[in-house]
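Accompanying notes for the structure given below.
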């Protein structure tokens with residue numbers, strides 16, 4: 001879709017689950033699709049949406065909201081329509097209709113997610129005659145709708161669906177981040193790019209400046225939204241004057257698109273950031289202020305200057321703001337021009353990040369740091385803790401990212417694989433240092449070099465006295481792999497414990513059990529840090545034979 005998504009359409013409504021921004025944004029999106037001949041109905045409020053067929057000229061496809069059997073209120077129907085609108089930003093109409101079909105299944109089974117239908121829905125998900133793929137897509141649409149709407153009953157449903165989802169073996173799961181290999185690769189080359197273009201002799205000073213300005217918003221998006229779990233729309237809405245400093249503390253103010261259901265829920269709009277982040281944002285503001293007025297932190301007018309194609313000014317009516325559609329297109333362009341063409345890295349389509357993926361990364365990172373579920377919900381702008389349940393299924397990335405940070409020396413990124421295997425460089429492993437004595441106590445893997453056998457760890461390979469000969473290392477490589485996998489299993493058990501605490505915690509309820517859970521989080525986080533250290537050592541040993 002083009003950049004012309006900012007036509008001003010005023011919407012008046014009263015819906016406790018929708019913000020004025022969301023309704024206006026969906027209305028404008030439909031206006032854009034209509035102007036392109038994609039949306040053929042009159043407006044957002046039609047009960048049947050007709051779209052032109054993207055691959056067959058003259059044919060149409062239909063989305064019929066009448067397929068929902070329940071007698072929904074106008075507010076409920078508007079909520080569903082705006083959710084479909086959010087899908088239309090990312091998917092083709094035919095794909096959205098496919099998702100809507102599965103959403104209708106869930107709505108009709110649950111009587112629009114009535115509390116007395118929770119168990120009935122869970123029973124349906126366990127029926128053998130329904131394929132795993134069918135269950136997958138139904139759950140995907142339910143999670144997506146709950147994340148968008150946060151309706152009251154979603155907490156009860158998500159608490160049950162969390163356990164159900166773990167028990168069902170999915171053949172294909174649409175709610176997945178790219179693999180850790182490609183996420184870490186993206187992060188690495190994003191940071192590297194801004195150093196490399198300064199040294200690249202093929203670019204003069206002006207071209208270097210243009211390339212810096214063009215992709216600086218991606219650098220800000222990545223660094224900010226992998227730490228603070230804000231929606232991509234909220235990132236784009238951050239105001240130009242959002243930064244502040246108070247008594248050596250730094251803050252950024254977020255424009256939330258969701259409103260609290262009641263006054264007792266306190267979202268964090270003003271969020272503390274570290275000094276490095278503050279200077280990163282301030283540097284961008286200074287770099288782009290000469291290109292004219294900007295309501296948003298990200299300056300669209302600076303992109304007009306930096307974009308050699310010269311089409312931006314013609315495509316967009318409101319030049320004072322940066323929106324989610326702009327972000328998505330800029331991210332796609334970064335993959336094409338930087339990752340693929342500049343660094344010659346081929347990233348499969350399904351392994352590319354989308355603007356909201358960083359929200360998932362931030363949630364899992366906060367959970368694994370032992371942050372309180374209540375604090376995470378407030379940081380994420382969630383009305384309930386249950387709303388973030390489905391963000392907790394992306395643990396592979398977090399483990400690999402933490403291990404990656406622990407092992408600083410690596411040869412090159414192309415040696416990544418699904419188990420974050422890379423070749424340590426200049427890493428002098430304890431395994432190959434001189435023994436601490438002439439003693440060679442035989443072990444299952446390697447040998448003990450301490451004649452007093454002063455064990456420092458349950459796992460001998462993690463002890464400073466453990467040694468191994470290179471030939472033995474090659475022979476026993478499979479055994480070492482088993483140790484690595486066992487350590488990962490230990491990490492997953494600890495992480496599942498944290499997930500369980502999050503699912504059992506209710507927002508704003510400080511019971512003795514809740515406080516005990518808080519202590520459990522702190523201790524589990526310490527255990528996770530220890531297991532990560534162990535895993536990083538084992539991976540270095542495992543990769544040292546290559």
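Only the coordinates and a few stated rules stand behind these numbers; no lab work does. Everything quoted here is computed from the prediction, not taken from an experiment. Cβ atoms come from the backbone with ideal geometry, glycine included; neighbour counts cover every protein chain shown.
Things worth noting here:
- The coefficient of translational diffusion for the stretch 180-355, derived via Stokes-Einstein from the alpha carbon Kirkwood radius under 4 °C and 1.567 mPa s, stands at 75 µm²/s.
- Which of 376, 481 has the fewest Cβ neighbours within 10 Å, and the rest in rising order: 481, 376
- Summary of the geometry: the stretch 193-251 and the stretch 68-104, compared by the centres of their Cα atoms, lie 34 Å apart.
- In terms of surrounding Cβ atoms within a 10 Å radius of their Cβ, 290, 459 rank from fewest to most as 290, 459.
- Residues of the stretch 323-349 with amide N under 13 Å of the 7 Å Cα→Cβ point at residue 307: 323-334
- FRET efficiency for residue 479 and residue 456, using Cβ-Cβ distance with R0 set to 25 Å, rounded to 0.05: 0.75
- In range of the label at residue 490: residues from the stretch 457-482 whose backbone nitrogen is under 12 Å from the point 7 Å along Cα→Cβ: 457-463
- Across the stretch 20-167, Cα pairs under 8 Å and at least six residues apart give a relative contact order of 17 percent.
- Computed from the C-beta positions of residue 43 and residue 289 and an R0 of 30 Å, the FRET efficiency is 0.15 to the nearest 0.05.
- Spin-label model distance (nm) - residue 65 vs residue 152, 7 Å beyond Cα toward Cβ: 2.2 nm
- Between residue 109 and residue 251, the modelled labels are 4.5 nm apart [label points 7 Å from Cα along Cα→Cβ].
- Simple spin-label estimate for residue 201 and residue 119 in nanometres, 7 Å along Cα-Cβ: 7.6 nm
- Reducing the stretch 127-145 and the stretch 317-380 to their Cα centroids gives an inter-centroid distance of 26 Å.
- Paramagnetic reach from residue 132 in the stretch 142-166 [backbone N under 17 Å; point 7 Å along Cα→Cβ]: 163-166
- Shown is the FRET efficiency for residue 438 and residue 472, computed with R0 = 22 Å from the Cβ-Cβ distance and rounded to the nearest 0.05: 0.80.
- Burial ordering of 25, 342, fewest other beta-carbon atoms within 10 Å first: 342, 25
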